[in-house]
């Protein structure tokens, strides 16, 4: 009997929402590979003999793959999450493994278009993991979406710092950074495949909001402990020499902190087991929350329906959301905001080198951006959720503030202020993380959750476009122009296959002045969204989900009563 009870409880734990949330965290902790491009980009540049424009073109295709994932959302509409996660694992391994083969000369020197294709395929796994894991978790916890999105996106950002520490544990202080490419080819794929089947859509009857809030609040504290530990290790590593053994001990502590949320999963499921309060059922049995059965309505031609959207907060179709004024405003603001942030993240290695920083300092910058990305995503979600529920503070206001703050970080790079790159890494990382949280939360709030898997990825389209504008056309072009000026002044001719380098503050100064102006413009544009959505955020934006849960509870209760009546007749 005891064995049967233990088995039953174990199955409940593994099939429950809280273990699903834990599985999501593990998957997302290892897919932040696109955010550590600055760690190995210089190896690609020097090994394959690229100039900065070519390297930034490859970086653009990385961003293109990472954020063009509408197809993942469409697959998610017809397939379970584990299919999406498995496809992402395959893409991750194939793309990054081919890059590793190219950089280590195990295959013939690939043309630039092939390198662009390889990194686009590998980075596209980020979109599949986001869609399969994060979107599913948001649908399972719709009443805490701001905190959920912030926490999960935070783990993605923190994953960059985790991968950096793990890389040093395996390869020591190797400055070549080729080994990190091999590491990011297999580790994220293995994590996704191990936990893919644990991630699925669930519906909970008698949802207890306080328990959910307690679970995610405690998980937030654990994630803060993880971020704090990594930050302390970064400070120590700057002062003390670390070998493989030292990094190995650091990674062991990191993994303990990563799996510590299992205690929270056990606590919540054990409480549920005793109370028998939560009844989880799969979506094959009961329809999803946020997507109740709609009454039959007269047929309306699609072209008329597209331009007659429902009120904000109701479920929009994909086309209704795409062509809405609110989505266009979000898109324009995100192009400038995210584009500037990605330019810094992708060029961090070259910015640090041009300003005279060491390889170790550049590695620190990469980790700082990762940690502050995490803090931006988590604190952005937590603070904005508190302000929203307590004071009806519109989330677009928080987005506007973050865009204005980003301008300071860009100016620090432009004018190379004392310790400017350290401070800028913190500001840019925090603002980049917070902007993603606000973007996805606003989309879910304004356009509903019915087609969120696709709309979530539509919101990401602004990132690669902004990256191309500011990373390739602005930063890369101006860097190479200044580098050619320096070669001309020295009377040196650049040889074929030789990388083009630039030194000094002038390399990126004009580019970052332009980026600052564009980011300021995006903040002004986002103010329009604040005005348009002010009345919507004054109401109860979660009322719809509370009504759906009551309706679902009534439906299940009636079903149980009917079953009980038949048993009595028998």
Just name the residue that is nearest to the chain's Cα centre (by Cα) out of those in segment 322-331 that are part of a helix (DSSP H, G or I) and surrounded by fewer than 24 Cβ atoms within 10 Å (Cβ to Cβ).
331
In segment 332-356, residue modelled with the highest pLDDT [restricted to those that are assigned to a loop (DSSP other than H, G, I, E, B) and more than 12 Å from residue 42 (Cβ to Cβ)]
355
Matching option when the condition is assigned to a helix (DSSP H, G or I), under 28 Å from residue 93 (Cβ atoms) and free of Cβ contacts under 8 Å to residues at least 60 places away in the same chain, among 196, 252, 189
252
Just to be sure before I move on: is residue 243 more than 21 Å from the chain's Cα centre (by Cα) and either surrounded by fewer than 19 Cβ atoms within 10 Å (Cβ to Cβ) or modelled with pLDDT of 80 or more (or both) in the structure I sent?
yes
Conditions (1) under 22 Å from residue 267 (Cβ atoms); (2) touching a helix residue (DSSP H, G or I) at 6+ places or on another chain (Cβ under 8 Å): number failed by residue 40:
(1)
Does residue 475 satisfy the condition of being buried (at least 17 other Cβ atoms within 10 Å of the Cβ), under 23 Å from residue 533 (Cβ atoms), under 25 Å from the mean Cα position of the chain (by Cα) and touching a residue at least 40 places away in the same chain (Cβ under 8 Å)?
no
Determine whether residue 181 is crowded, with 20+ Cβ neighbours inside 10 Å, more than 19 Å from the chain's Cα centre (by Cα) and either part of a helix (DSSP H, G or I) or modelled with pLDDT of 85 or more (or both).
yes
As an exercise: evaluate residue 84 against (1) touching a residue at least 60 places away in the same chain (Cβ under 8 Å); (2) under 23 Å from the mean Cα position of the chain (by Cα) and give the number of the one condition it does not meet.
(1)
Checked pairs for segment 48-59, first closer than 14 Å to residue 483 by Cα, second outside any helix (DSSP H, G or I), C-beta under 7 Å and 6 or more apart or across chains, list as 50/499; 51/499; 51/500; 52/500
Which residue pairs have Cβ atoms under 6 Å apart, sit 6 or more places apart or on different chains, and have a first residue in segment 409-425 that is without any contact (Cβ under 8 Å) to a residue 24 or more places away in the chain and a second that is surrounded by fewer than 19 Cβ atoms within 10 Å (Cβ to Cβ)?
412/420; 412/423
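Do you know which residues across segment 51-81 are closer than 30 Å to residue 358 by Cβ and assigned to a loop (DSSP other than H, G, I, E, B)? Steps first, answer last, please.
Step one: list which residues in segment 51-81 are closer than 30 Å to residue 358 by Cβ, which gives 51-63, 66.
Once the filter is applied, which keeps residues that are closer than 30 Å to residue 358 by Cβ and assigned to a loop (DSSP other than H, G, I, E, B), segment 51-81 yields only 51.
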Just wondering, is there one or more residues in segment 136-145 that are outside any helix (DSSP H, G or I), free of Cβ contacts under 8 Å to residues at least 12 places away in the same chain and over 22 Å from residue 89 (Cα atoms)?
no
Looking only at segment 13-50, and only at residues there that are touching a strand residue (DSSP E or B) at 6+ places or on another chain (Cβ under 8 Å) and outside any loop (DSSP other than H, G, I, E, B), the one that is nearest to residue 105 (Cα to Cα):
20
Which of the residues that make up segment 486-516 are exposed (fewer than 13 other Cβ atoms within 10 Å of the Cβ) and not in a loop (DSSP other than H, G, I, E, B)?
488, 489, 490
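The values are calculated or read from the model by the stated rules, or taken from the named source; none is laboratory data. Predicted model, so just to flag it, every value in this text is computed and none were measured. Ideal geometry is used to build each Cβ from the backbone, glycine not excepted, and the neighbour counts take in all protein chains shown.
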